[in-house]
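Heads up: the structure comes next, in structure tokens.
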Amino acid sequence: MEPTRLLVIQPDESDPIGPLGDWLTDAGAELDLRLPPRDSLPENLDGYRGLVVLGGGMDAEDDRNHPWLADVRRLLASATGAGLPTLAICLGAQLLAVATGGTVGRSEHGAEIGARLVSKKDVAWIDPLFAELPLVPDVMQFHQDEIRRLPPGAELLASAPSYPNQAFRLNRCVYGVQFHIETTPEVVLDWARDAPELAALAREGAFEIETLTQVHADIAETWRPFAERFVRLAQGQLEPAADPTRTLPLV
């Protein structure tokens, strides 16, 4: 089988694709990794079977300091309109929300930092990527902005008390997740050193190496199969979610 070509946009050097990249390539994907502004972004998504957008420390609408963010949002909007399998992570999810009519801003609940759990919503139990996840999967959080309003037509897949919009789906196969699944202990420790004021908000012991090692083992157990399902979705071997407009009862 030919490799499934995915465009991977890495907005920030501090958030590499990490083990997620290994999970995707092991499942048969071929990654075209772009780190703007060093790397140019394609004009369109022709020739790609999917799109992945990673996290970063900038705000989703900070075009003044990072003018290329507008191009990332344009590609996310294009992928959504075309129904191209997409996985947008943390900042990527915020960019996806803004690109498709949602809103993002600083949360009044403060930053969400460290290993956490999110809870699946009803729609997730029949979603091709989320259905096999546990009820409360492990994730890594490191953000202070939130997706305040989901885009029109978005379906909520996972939630948490202070940050309700943890994961959502658009147009059957476009996914945004507020949390991280791509990190390593070393990456998280770097974030904690670079942002001590945020790291101080985490639970006691959150950045001990033993804790981070166990957390990432749990994340890998849960999210590696998820990444494999995403590649199958991009390959056409896994059917997208049902169209919600076709599943309403007849009246």
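Where a number appears in this text, it was derived from the coordinates with a stated rule and is not lab data. Note that this is a predicted model, so its numbers are computed, not measured. As a convention, Cβ positions derive from the backbone with ideal geometry for all residues, glycine included, and neighbour counts pool all protein chains shown.
Which of rounded, prolate or oblate describes the chain when judged by the alpha-carbon gyration tensor and an a/c cut-off of 1.5? Rounded. Among beta bridges from DSSP that stay inside the chain, the antiparallel ones total about 55%.
Ranking Ile219, Asn65, Ala154 by Cα position along the charge dipole of segment 4-243, where only Lys, Arg, Asp and Glu carry charges on their C-beta atoms, puts Ala154 farthest toward the positive end.
Here segment 78-125 was treated as a single set of alpha-carbon atoms; its pair distances binned every 10 Å from 0 give 18, 42, 34, 5 percent.
Calculated [222 nm] ellipticity per residue, helices only, for the chain: -9000 deg cm²/dmol; basis is -39500 (n - 2.57) per DSSP H run with n ≥ 4, divided by all residues, nearest 500. Using R0 = 41 Å, the C-beta based FRET efficiency linking Glu108 and Glu239 works out to 0.55.
Look at the alpha carbon pairs under 8 Å that are at least 6 residues apart: their mean separation over the length of segment 4-243 gives a relative contact order of 22 percent. Oblate is the label for segment 29-150, because a/c, from the alpha-carbon gyration tensor with a ≥ b ≥ c as root eigenvalues, is 1.5 or above and a/b does not exceed b/c. Under the convention that each Lys and Arg Cβ holds +1 and each Asp and Glu Cβ holds -1, the size of the dipole of the chain around its Cα centre is about 900 debye. Within the chain, the selection of entire DSSP H helices by a Cα span of 27 Å or greater along the long axis and an average Kyte-Doolittle value of at least 1.0 returns an empty list.
Averaged over residues, the count of other Cβ atoms within 10 Å places the peptides 93-101, 56-64 in the sequence 93-101, 56-64, highest first. In this calculation the C-beta distance from Asp46 to Ser119 is compared with R0 = 45 Å, giving a FRET efficiency of 0.75.
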